[in-house]
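Below you'll find the structure, written out as structure tokens, and then a few comments.
The values are calculated or read from the model by the stated rules, or taken from the named source; none is laboratory data. Model, not experiment: these values are computed from the prediction. Every residue, glycine among them, receives a Cβ derived from its backbone with ideal geometry; neighbour counts consider all protein chains shown. The protein model used for the area step is the full one, side chains on, heavy atoms only, and it has no ligands, DNA or RNA in it. Shrake-Rupley method; radii C 1.70, N 1.55, O 1.52, S 1.80 Å.
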Amino acid sequence: MLGICRGRRKFLAASLTVLFVPAVMWIYLFAGSFEDGKPVSLSPLESQPHSPRYTASSQRERESLEVRMREVEEENRVLRKQLSLAQSRSPSHHRGNHSKTYSMEEGTGDSESLRAGIVAGNSSECGQQPAVEKCETIHVAIVCAGYNASRDVVTLVKSVLFHRRNPLHFHLIADAIAKQILATLFQTWMVPAVRIDFYDADELKSEVSWIPNKHYSGIYGLMKLVLTKTLPSNLERVIVLDTDITFATDIAELWAVFHKFKGQQVLGLVENQSDWYLGNLWKNHRPWPALGRGYNTGVILLLLDKLRKMKWEQMWRLTAERELMSMLSTSLADQDIFNAVIKQNPFLVYQLPCFWNVQLSDHTRSEQCYRDVSDLKVIHWNSPKKLRVKNKHVEFFRNLYLTFLEYDGNLLRRELFGCPSEADVNSENLQKQLSELDEDDLCYEFRRERFTVHRTHLYFLHYEYEPASDNTDVTLVAQLSMDRLQMLEAICKHWEGPISLALYLSDAEAQQFLRYAQGSEVLMSRHNVGYHIVYKEGQFYPVNLLRNVAMKHISTPYMFLSDIDFLPMYGLYEYLRKSVIQLDLANTKKALIVPAFETLRYRLSFPKSKAELLSMLDMGTLFTFRYHVWTKGHAPTNFAKWRTATTPYHVEWEADFEPYVVVRKDCPEYDRRFVGFGWNKVAHIMELDAQEYEFTVLPNAYMIHMPHAPSFDITKFRSNKQYRICLKTLKEEFQQDMSRHYGFAALKYLTAENNS
């Protein structure tokens, strides 16, 4: 901003030099040509050397002045040339029948000129512009609905947080889907000096549903019209943003523009950077009425208090009703109605400089708005094509967008020094828990992980599923990291029912996953798979946290607790639904065991029946799971009995038992103290047994583990002695907690452990 002011001052100084210096020089010389009220010739040829008034010194003085005058004229000639070059570079914008040339720094703030239909440049006011107070809260309103918009808004928020130096208060007008996603995201993000309030977009539908809208944003694209009613009555001003915005500067600079509003100006908008409202894009193109090129509503400054006093609600409704009689529907949602109101009331608008909304639409003229990277403030991807829009600088804009898209959001959890944050109970409890840990403890990092809050983005992709009405539906639950992504398609082919997956990814990996999923016909054809991103933080794989996230967000009464590297048998989904009824799982505490097998072959002809599986077992193509390295994990399943079983059978819990089970959705969570490799499932099965779950093996169900490279965590377990010591310590502490919680009944776990 300081650079802008200096640029204007140089321009002004140069202009004054061209006009002022010659005038002063000529006045001086002209005044000096009078003696006693009579004119005196300046020409040496006309001078009278024999006059008593004429002296040699005065002759030299006049000659010196003439030389100086010629030098000044030459300097002014050069200055005029430079100014003309500068003006020729300035973009020329046409508004209706008027045209003007303006620099990027200009805004328009003269309401009288606007009433007359003339768009005039604002004075710079650089020296007078009040700075935003250090800890002043900046209010931002965003309309966000659905899964895709919830994903897009995160990139906008990241770009704002990256540059910001002030507390922020986001007002999110969201539907039920977006609220669930974003409430969890911000709660787990825990960014200091950021407050979030939600407003139910579904309750606002009746306010705008009467307006036919052809825009791809649908009914939610009209909701910015009702912000004066929706937002708190004591909120005086707000910046309104579309979800497809990227900030390249501190949002406080935009907030400061409110101080430039004059008179009845209540809307801050950037001129539309396409010819849409001029009506010349194609034959018979008939846009809504607008003032010249019209204004784009991707970025709006709203003076809410004044708008309410002006009866904005009545103003836009009457305008919309009148125009819809001939236009029949809107093409650009709220933007059409805003422009129609401004056409009738031009004094309402303060024109923002164009760099506050550089529009990358299909017919954009935004290239006239910037000359250098430093000129850019806000990028607006307002084409349905988004990143695929055609623009000669699109690679630069795309890279700027991708910078924030893949930026580690954990790095934005920085404090604003000197600005106290509002008391947050969750944050205070977390700090208290962490402060109670001993940092000198060799297992400190393990203990700390239990309290780490991982940023979580639920339903990263579109999800749509209604559970079966017979209350028998089962969701497959699993967790994975980037190195198991290739298993997704195979699991979707084997399991046709709903799936809930927790993915442990970095911000950059989340975008790789998105591209992978969008390029997969198998994954894109499935809308009953919930993908929940848990963002990476810390040095351990939080396996049980991931399982809990996936478990928590199922919509069916039952769940199959599996792992991502297992393929269920074909038809297992329907078989489990029948078993739920047969074994009365709704009214009994049962855990139905699906026997686990494994293959060492990467290419396997998957058995289509139990008989075929038994044949492969006999031939050595398949094995019972981990029989050669961890027999105790699945031995209680009693595979010998399973070979001939035709009905479900009961088995007892034994030490280190860790089968894969089907349970009701209200079963206990996994214990978060266990991270990485070791005891994460064992502890959960022990908890189920302590709560008197009955373990029942299904005779005609099976799942097969597919081979893969060892995980990083199992490598650490095998190679790091301290890792194994800490795991043993955590195991002992868990057993002690079990004894305290379940009393005498839990003593068997200590005994079994000692005997094993």
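Given R₀ = 22 Å, FRET efficiency for residue 724-residue 744 by Cβ-Cβ distance, to 0.05?
Values: r = 31 Å, r/R0 = 1.39.
The formula returns an efficiency of 0.10 here.
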- [ ] Count the DSSP beta bridges whose two residues both fall in segment 138-353, then state the antiparallel fraction as a percent rounded to the nearest 5.
- [x] 30 percent
TODO: Assign unit charges at the C-beta atoms only (+1 for Lys and Arg, -1 for Asp and Glu), then state the dipole size of segment 456-751 relative to its Cα centre in Debye, rounded to the nearest 20.
DONE: 680 debye
Task: Distance histogram for segment 138-353 (every C-alpha pair counted, 10 angstrom bins, percent rounded to whole numbers) - done: 8, 34, 38, 18, 3, 0
Open item on the list: Please report the accessible area of residue 706 (heavy atoms, 1.4 Å probe, ligands and nucleic acids excluded) in Å², nearest 10.
Closed with: 20 Å²
Task: Under-5 Å amide H pairs with residue 530, H placed in peptide plane, nonlocal only - done: 499, 500, 501
- [ ] Output the Cα-based Rg and Dmax of segment 264-307 in Å, rounding Rg to one decimal and Dmax to a whole number.
- [x] 12.9, 42
Open item on the list: Under the 0.36 nm per residue contour assumption, what length would be gained going from the current alpha-carbon distance of residue 649 and residue 436 to full extension?
Closed with: 72.0 nm
Open item on the list: Amide H of residue 272 versus every other amide H placed in the peptide plane: which residues, excluding those fewer than 5 positions away on the same chain, fall under 5 Å?
Closed with: 294, 295, 296
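Accessible area per residue for segment 456-751 in Å², computed with a 1.4 Å probe and the full protein assembly in place, what is it?
Values: 12300 Å² over 296 residues.
For segment 456-751, the per-residue accessible area is 42 Å².
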Task: Positive-end residue, segment 456-751 charge dipole about Cα centroid, Cβ charges, pick of 655, 619, 609 - done: 619
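Plugging the Kirkwood radius over Cα pairs into Stokes-Einstein for segment 456-751, at a temperature of 4 °C and a viscosity of 1.567 mPa s, what D comes out in µm²/s?
65 µm²/s
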Open item on the list: Rounded to the nearest percent, how much of the accessible area of segment 136-225 (1.4 Å probe, protein heavy atoms only) is carbon and sulfur?
Closed with: 50 percent
- [ ] With all protein chains present, calculate the accessible area of residue 435 using a 1.4 Å probe and round the result to the nearest 10 Å².
- [x] 90 Å²
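Estimate the FRET efficiency between residue 604 and residue 411 by the formula 1/(1 + (r/R0)^6), using the beta-carbon distance for r and 51 Å for R0, to the nearest 0.05. Kindly include the intermediate steps, with their values, before the conclusion.
Details: r = 43 Å, r/R0 = 0.84.
Calculated value: 0.75.
Output the pairs from 536/665; 681/716; 608/748 with a Cα-Cα distance over 29 Å in this structure; if there are none, say none. Spell out each step's value before the answer.
Values: 536/665 26 Å; 681/716 18 Å; 608/748 40 Å.
Checking Cα-Cα distances, 608/748 exceed 29 Å.
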Task: Around residue 304: net Lys/Arg minus Asp/Glu count, Cβ-Cβ under 11 Å - done: +3
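Is segment 293-360 rounded, prolate or oblate when judged by the Cα gyration tensor, a ≥ b ≥ c being the square roots of its eigenvalues, rounded requiring a/c under 1.5 and prolate requiring a/b larger than b/c? Don't skip to the answer; put the middle values down first.
On the way: a/c = 2.15, a/b = 1.18, b/c = 1.82.
Oblate.
Express the Stokes-Einstein translational diffusion coefficient of segment 501-559 in µm² s⁻¹, to the nearest whole number, given a Kirkwood radius over alpha-carbon pairs, 37 °C and a viscosity of 0.692 mPa s. Could the numbers behind the result be given before it?
On the way: Rh = 12.7 Å.
Value of D from the Cα-based Kirkwood radius: 258 µm²/s.
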